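S.K.: Quick one: structure below, then a few questions.
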Amino acid sequence: MTETPPTGGRPRFAVAPMIDWTDRHCRFFHRQLSREALLFTEMVVADAVIHGDRERLLGFDGAEHPLALQLGGADPEKLARATRIAAEFGYDEINLNVGCPSDRVQSGTFGACMMRVPDLVGECLQAMREASPVPVSVKCRIGVDEQDPEEALDRLADAAVAAGIGTIWVHARKAWLQGLSPKENREIPPLDYDRVHRLKRRLPRVFVGLNGGLATVAAALPHLARLDGVMMGRGAYQTPAELALVDAALAGGAPEPVDWRQVVQTMADYAEGHIARGGRLHHVARHMVGLFTGRPGARRWRQILSEAGSRHDARPDLLLDAFSEVDLGAPARAA
């Protein structure tokens, strides 16, 4: 399968930006499973880019391409400056976060609370676009709190388009800025995929991508009949083997067999380099815990990575030891 997206370009599959999850080690791992998926960094605050350790915040392995950086902020001048700095690192896309509802983001008056100030969002996006040699995009909600999603999303999208932005990623839920935790904001507000579909019909020349509640590749792909892209978050992180289905699904073919031993060996080699630079195996292995979900031996794999892999002196060959516990000959069970 896959239909040509409404804009006429190639359909796009993305892994969502997730704070504390989609760091450089996670992204390198995900790239072993899909060549085509657009990967996103964690959100990085513009002030941190300007004043912080840029290599630590922005550095990545060249294997991670295509890769988008997500910035957080509400000051057009600072966002432009952060964009210019980030551009030197070679990202393929730079994205503005207008969807995160966490308290620490709200305290900086950015993220989802910016849905209330679409004109400011437009100013921020225009400043970023003028500072960036690569495409700039925005990721938003359909609204916040008591906002009417019909009005709120249209106003945000119109501000983005007026700023010259051609890509809008939409988490198809409202965000409640008071009373719900970030986790609850990912689960409790009802999904409204039709609202995102209506936005696409209204803006046929704009790339519109869907995020929210897409737990599997099979669940995500049908939306490409009416949208330009789909974005998986927790589903991709918690059951990363799903990403091995992406490339063939986008091409309309059958998935190729995965050499799982080679995937684990590549990650062991990568971890060796990370440890040599002063890192720990846990920094890498923690992202791999769900790789064999549903297969016999997956529990033992998780146990070894979570327990032995957390030790300060854990070595990369632990990944291969854990892999030997997995029975790849038996069919995987539904997660």
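S.K.: In region 52-88, which residues are farther than 24 Å from A37 by Cβ, of a type in the set (A, V, I, L, M, F, W, C) and in a loop (DSSP other than H, G, I, E, B)?
M.R.: A74
S.K.: Out of all the residues in region 157-167, is one or more among the polar types (S, T, N, Q) and surrounded by fewer than 20 Cβ atoms within 10 Å (Cβ to Cβ)?
M.R.: Within region 157-167, not a single residue is among the polar types (S, T, N, Q) and surrounded by fewer than 20 Cβ atoms within 10 Å (Cβ to Cβ).
S.K.: Can you run down the residue pairs with Cβ atoms below 9 Å, 6 or more apart or on separate chains, where the first is in region 52-68 and aromatic (F, W, Y) and the partner is assigned to a loop (DSSP other than H, G, I, E, B) and at pLDDT 95 or above?
M.R.: Filtered contacts from region 52-68: F60/F89; F60/G90; F60/Y91.
S.K.: How many residues are surrounded by 15 or more Cβ atoms within 10 Å (Cβ to Cβ), more than 15 Å from F29 (Cβ to Cβ) and among the aliphatic types (A, V, I, L, M) when one looks only at region 274-317?
M.R.: Selection size over region 274-317: 5.
S.K.: Now, a different point. Name the pairs: first residue in region 231-245 and of a type in the set (V, I, T), second residue modelled with pLDDT under 95, Cβ to Cβ under 6 Å, at least 6 apart or on different chains?
M.R.: T239/A335
S.K.: Give the residue that is nearest to L153 (Cα to Cα), with candidates limited to residues of region 217-238 that are surrounded by fewer than 20 Cβ atoms within 10 Å (Cβ to Cβ) and under 14 Å from the mean Cα position of the chain (by Cα).
M.R.: For region 217-238, the residue satisfying everything is R234.
S.K.: Filter region 45-72 down to the residues that are β-branched (V, I, T) and touching a Leu at 6+ places or on another chain (Cβ under 8 Å), then identify the one that is farthest from T109 (Cα to Cα).
M.R.: V49
S.K.: Working carefully through the options V284, V326, V289, find the one that is in contact (Cβ under 8 Å) with a residue 60 or more places away in the chain and within 25 Å of the chain's Cα centre (by Cα). Write out each step before concluding.
M.R.: On the way: V326 fails: within 25 Å of the chain's Cα centre (by Cα); V289 fails: in contact (Cβ under 8 Å) with a residue 60 or more places away in the chain.
Only one candidate passes the filter, namely V284.
S.K.: Restricting the search to region 248-273, which residues are under 30 Å from R198 (Cβ atoms) and either of a type outside the set (G, A, S) or surrounded by fewer than 20 Cβ atoms within 10 Å (Cβ to Cβ) (or both)?
M.R.: Scanning region 248-273 gives L250, A251, G252.
S.K.: Only residues that are modelled with pLDDT of 95 or more and of a type in the set (A, V, I, L, M): list them for region 75-113, please.
M.R.: Result: L79, A80, A82, I85, A86, A87, I94, L96, V98.
S.K.: As an exercise: evaluate E130 against (1) at pLDDT 95 or above; (2) under 21 Å from the mean Cα position of the chain (by Cα); (3) surrounded by fewer than 16 Cβ atoms within 10 Å (Cβ to Cβ) and give the number of the one condition it does not meet.
M.R.: (2)
S.K.: Residues that are touching a helix residue (DSSP H, G or I) at 6+ places or on another chain (Cβ under 7 Å) and farther than 21 Å from Y193 by Cα: find the strands (runs of 3 or more DSSP E) completely inside region 89-179 holding 1 or more of those.
M.R.: Counting at least 1 such residues, we get 93-98, 136-144.
S.K.: Answer yes or no: is there a residue in region 178-188 that is within 21 Å of V117 (Cα to Cα) and in contact with a strand residue (DSSP E or B) (Cβ under 6 Å, 6 or more places away or on another chain).
M.R.: There is at least one residue in region 178-188 that is within 21 Å of V117 (Cα to Cα) and in contact with a strand residue (DSSP E or B) (Cβ under 6 Å, 6 or more places away or on another chain).
The values are calculated or read from the model by the stated rules, or taken from the named source; none is laboratory data. Predicted model only: the values in this text are computed from it and were never measured. Positions of Cβ are generated from backbone atoms using ideal geometry, with glycine treated the same way; all protein chains shown enter the neighbour counts.
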